[in-house]
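Report on the structure given below.
The values are calculated or read from the model by the stated rules, or taken from the named source; none is laboratory data. From a predicted model like this one, the values you see are computed outputs, not experimental measurements. Positions of Cβ are generated from backbone atoms using ideal geometry, with glycine treated the same way; all protein chains shown enter the neighbour counts. Quick note on the areas: whole protein, heavy atoms, side chains included, nothing else; ligands and nucleic acids left out. Shrake-Rupley method; radii C 1.70, N 1.55, O 1.52, S 1.80 Å.
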Amino acid sequence: KELKFKSDLNALQARINPHFLYNALNSLASLTHIDSDRTEKMALSLSKLFRYNINKTEEHYASLKDEIEMAEIYLQIEKNRFEDKLNYSIDIQEPLNEFVIPKFILQPLAENAVKHGISKITGKGMIRINIFEEANKVIIEIYDNGPEFPGGLISGYGLQNTYEKLKLLYKKPFDISFVNTP
């Protein structure tokens, strides 16, 4: 049972890494002909993300502080790509910094907000990540000001992986909900 659990978790991680790498390399490639300094900055940030992933491969949990750092590096990569079109804010209640959650939860959700929200608008984009405690639950909210999902929400790699990872790692109830409005 333990081997199956580890195998399932590792399979989830193996699926998300190529998906993220594909998107990140496309972002990097689109920038190469525009600005070499920004391309270098983006490549260095990308290497930080992969260092985080490679150095802690056997660990399934991380502090919110570490997860926020990785999400912020990702958002910096995308801000470098989109320049003034993307702004973001991250707000966490101070006592929750050391709260432990499954690893690689925030970054795929932030990536989803960029891919399906910010990249679809012509004006300025905003992503807000708010993390707080309410009624003995840790709430993670990720907002973007992009358009609603046409035809409703379709769960892609990032969302599906997040759900499956939470299902595997948490014996306690958890909830994922979406508000699909522009």
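Here GLY156 does not fit the description of being open to solvent by less than 90 Å² (accessible area, probe 1.4 Å), of a type outside the set (Lys, Arg), modelled with pLDDT of 90 or more and farther than 20 Å from GLU69 by Cα. For the stretch 80-94, the set of residues classified as in a helix (DSSP H, G or I) and either at pLDDT 90 or above or open to solvent by 40 Å² or more (accessible area, probe 1.4 Å) (or both) consists of ARG81, GLU83, ASP84, LYS85, GLU94, listed by residue number. Scanning the stretch 102-123 for residues that are assigned to a loop (DSSP other than H, G, I, E, B) and either within 8 Å of the chain's Cα centre (by Cα) or of a type in the set (Val, Ile, Thr) (or both) returns PHE104, ILE105, ILE121, THR122. Of all residues in the stretch 145-152, none satisfies being under 25 Å from ALA43 (Cα atoms), in contact with a helix residue (DSSP H, G or I) (Cβ under 8 Å, 6 or more places away or on another chain), of a type outside the set (Phe, Trp, Tyr) and open to solvent by less than 60 Å² (accessible area, probe 1.4 Å).
Being at pLDDT below 95, open to solvent by 80 Å² or more (accessible area, probe 1.4 Å) and of a type in the set (A, V, I, L, M) is a condition met by no residue of the stretch 101-123. For the stretch 127-147, the count of residues that are at pLDDT 85 or above, aliphatic (A, V, I, L, M), in a loop (DSSP other than H, G, I, E, B) and over 18 Å from GLU67 (Cβ atoms) is nonzero.
Within the stretch 41-79, the set of residues being at pLDDT below 80 and under 29 Å from GLY123 (Cβ atoms) comprises LEU49 only.
State all residues of the stretch 58-73 that are part of a helix (DSSP H, G or I), of a type outside the set (A, V, I, L, M, F, W, C) and open to solvent by 10 Å² or more (accessible area, probe 1.4 Å); if no residue qualifies, say none. Matches in the stretch 58-73: LYS65, ASP66, GLU69, GLU72.
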